[in-house]
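Trainee: Sharing a structure, written as structure tokens. Questions coming.
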Amino acid sequence: MVSEDDVRRIALSLPSTTEKPSYGTPGFRVRDKLFARMRPEGDSVVVWCADVSEKEALIAAEPAKFFTLPHYDGHPTVLVRLAAVDEQEMTDVLAESWRLRAPLRLLKEFDREG
């Protein structure tokens, strides 16, 4: 299980990430592009997927961890239940969402250094 503080710490450890409210909840941006945000209930985080089919595959494979709401229908984002993932899983999910939203130049720089 991870907390909102864990999400914040992990997200802010990624290059060029800042925190800025999004719809009244903590949002995490890479060069001002949102890649994750806490849901108002505080029990889940919204992250980006490569596309809607990946989102559907995640939900089908692990519905205890990943879900969606009608608001996100047709959008390549998925919700992650904080109580259902450990710190490593959250790190992986946030890093993938960050990669999908980061500018290409930053990704190349990050991959060269990593």
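Trainee: Within the range 44-53, track down each residue that is part of a helix (DSSP H, G or I) and among the aliphatic types (A, V, I, L, M). It would help to see each step written out before you state the result.
Mentor: So in the range 44-53, the residues part of a helix (DSSP H, G or I) come out as 52-53.
52 - this is the single residue of the range 44-53 that is part of a helix (DSSP H, G or I) and among the aliphatic types (A, V, I, L, M).
Trainee: Report yes if residue 34 is more than 23 Å from residue 12 (Cβ to Cβ), open to solvent by less than 60 Å² (accessible area, probe 1.4 Å), of a type in the set (A, V, I, L, M) and modelled with pLDDT of 95 or more, otherwise no.
Mentor: no
Trainee: For the range 71-88, enumerate the residues that are open to solvent by less than 70 Å² (accessible area, probe 1.4 Å) and either touching a Cys at 6+ places or on another chain (Cβ under 7 Å) or assigned to a helix (DSSP H, G or I) (or both).
Mentor: If the condition is that a residue be open to solvent by less than 70 Å² (accessible area, probe 1.4 Å) and either touching a Cys at 6+ places or on another chain (Cβ under 7 Å) or assigned to a helix (DSSP H, G or I) (or both), then 72, 76, 77, 78, 82, 84 are the ones that fit.
Trainee: Something else about it: Consider only pairs whose beta carbons are under 6 Å apart and that are at least six residues apart or on different chains; among these, list those whose first residue lies in the range 95-107 and is under 18 Å from residue 10 (Cβ atoms) and whose second residue is open to solvent by less than 30 Å² (accessible area, probe 1.4 Å) and of a type in the set (Gly, Ala, Ser).
Mentor: Every condition considered, the pairs that remain are 97/36.
Trainee: I need the full set of residues from the range 1-16 which are open to solvent by 70 Å² or more (accessible area, probe 1.4 Å) and either closer than 21 Å to residue 66 by Cβ or in a strand (DSSP E or B) (or both), in order please.
Mentor: 1
Trainee: Next up: Yes or no: the range 32-49 includes at least one residue that is hydrophobic (A, V, I, L, M, F, W, C), more than 26 Å from residue 109 (Cα to Cα) and touching a strand residue (DSSP E or B) at 6+ places or on another chain (Cβ under 8 Å).
Mentor: Within the range 32-49, one or more residues are hydrophobic (A, V, I, L, M, F, W, C), more than 26 Å from residue 109 (Cα to Cα) and touching a strand residue (DSSP E or B) at 6+ places or on another chain (Cβ under 8 Å).
Trainee: Identify, from the list 41, 56, 19, the residue that is free of Cβ contacts under 8 Å to residues at least 24 places away in the same chain, surrounded by fewer than 18 Cβ atoms within 10 Å (Cβ to Cβ) and part of a strand (DSSP E or B).
Mentor: 19
Trainee: Would you mind stating whether residue 27 is open to solvent by less than 60 Å² (accessible area, probe 1.4 Å), free of Cβ contacts under 8 Å to residues at least 12 places away in the same chain and either in contact with a helix residue (DSSP H, G or I) (Cβ under 9 Å, 6 or more places away or on another chain) or not in a loop (DSSP other than H, G, I, E, B) (or both)?
Mentor: Numbers: open to solvent by less than 60 Å² (accessible area, probe 1.4 Å): yes; free of Cβ contacts under 8 Å to residues at least 12 places away in the same chain: yes; either in contact with a helix residue (DSSP H, G or I) (Cβ under 9 Å, 6 or more places away or on another chain) or not in a loop (DSSP other than H, G, I, E, B) (or both): yes.
Spelling it out, residue 27 is indeed open to solvent by less than 60 Å² (accessible area, probe 1.4 Å), free of Cβ contacts under 8 Å to residues at least 12 places away in the same chain and either in contact with a helix residue (DSSP H, G or I) (Cβ under 9 Å, 6 or more places away or on another chain) or not in a loop (DSSP other than H, G, I, E, B) (or both).
The values are calculated or read from the model by the stated rules, or taken from the named source; none is laboratory data. Quantities reported herein were computed from a predicted structural model and do not represent experimental measurements. Every residue, glycine among them, receives a Cβ derived from its backbone with ideal geometry; neighbour counts consider all protein chains shown. Note: areas computed on protein heavy atoms with side chains; ligands, DNA, RNA excluded. Shrake-Rupley method; radii C 1.70, N 1.55, O 1.52, S 1.80 Å.
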